[in-house]
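The values are calculated or read from the model by the stated rules, or taken from the named source; none is laboratory data. What you see is a predicted model, and the numbers here were worked out from it, not measured in a lab. Every residue, glycine as well, gets a Cβ built from its backbone with ideal geometry; the counts of neighbours run over all protein chains shown.
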Amino acid sequence: MTVEKEEVTVTVNGESHVVSVEPRELLSQTLRERMGCTEINIGCESAICGACTVQSDGKSVKSCTRFTVQADGADIRTVSDLADEGTLTDIQQAFTDEHALQCGYCTPGIVMAVDEYLDHNTDPSREEIRNEALQGNLCRCTGYENIVDAVETAAEKLD
């Protein structure tokens with residue numbers, strides 16, 4: 001049985017791509033395996049861990065829960081698009097300064113979620129950071145205190 005493929009056009013980190021995909025192919029697979037975006041980590045494949053989080057048209061999405069065909073015409077950003085010519089953003093620098101990562105597996109997804117969150121709330125409380133900014137992102141290494149510190153530090157710089 002032959003599955004019909006569909007042509008999908010997406011912009012990833014400012015570069016336009018046309019890919020031919022099966023309707024069931026996940027965006028995380030397309031980004032990682034076809035486009036070489038190895039910063040997309042595939043953890044749970046069920047929207048629990050957030051390691052695959054990217055921004056689609058400015059909104060954080062878990063790319064393991066989206067079909068590539070759903071992203072047709074979308075502007076996708078990964079963590080690789082945040083830094084400007086090697087200069088880290090305030091969020092990325094805060095994660096470094098506050099030692100908010102250990103193994104780093106979850107970090108790209110968390111940074112993308114936090115980047116979108118801080119666009120809408122530049123002065124979050126620690127409780128809001130825990131319950132809103134980090135919602136849907138799991139880290140098995142840090143215990144979250146340093147991550148909360150990093151988000152708080154980044155918010156102060158952005159404010």
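Looking only at the stretch 2-46, which residues are of a type in the set (Val, Ile, Thr), exposed (fewer than 13 other Cβ atoms within 10 Å of the Cβ) and part of a strand (DSSP E or B)?
Across the stretch 2-46, the qualifying residues are THR9, VAL18.
Looking at SER46, SER63, can you tell me which residue is of a type in the set (S, T, N, Q), modelled with pLDDT under 95 and either in the same structural domain as ASN137 (by TED's automatic domain parsing) or in contact with a helix residue (DSSP H, G or I) (Cβ under 8 Å, 6 or more places away or on another chain) (or both)? Explain how you work it out, then say what you get.
Details: SER63 fails: modelled with pLDDT under 95.
Result of the check over SER46, SER63: SER46.
Within the stretch 72-126, count every residue that is hydroxyl-bearing (Ser, Thr, Tyr), surrounded by fewer than 23 Cβ atoms within 10 Å (Cβ to Cβ) and assigned to a helix (DSSP H, G or I).
Total meeting the criteria: 3.
Any idea which residue in the stretch 79-106 is farthest from GLU152 (Cα to Cα), counting only those that are hydroxyl-bearing (Ser, Thr, Tyr) and over 16 Å from the mean Cα position of the chain (by Cα)?
Within the stretch 79-106, the match that is farthest from GLU152 (Cα to Cα) is THR87.
Restrict the check to the stretch 47-70 and report whether at least one residue is over 18 Å from the mean Cα position of the chain (by Cα) and not in a strand (DSSP E or B).
There is at least one residue in the stretch 47-70 that is over 18 Å from the mean Cα position of the chain (by Cα) and not in a strand (DSSP E or B).
So which of ALA94, ALA74 ends up being over 15 Å from ASN41 (Cα atoms) and assigned by TED's automatic domain parsing to the domain that holds ALA47? Steps first, answer last, please.
On the way: ALA94 fails: assigned by TED's automatic domain parsing to the domain that holds ALA47.
When all the criteria are applied, what remains is ALA74.
Looking only at the stretch 129-141, which residues are surrounded by 18 or more Cβ atoms within 10 Å (Cβ to Cβ) and of a type outside the set (A, V, I, L, M, F, W, C)?
ASN137
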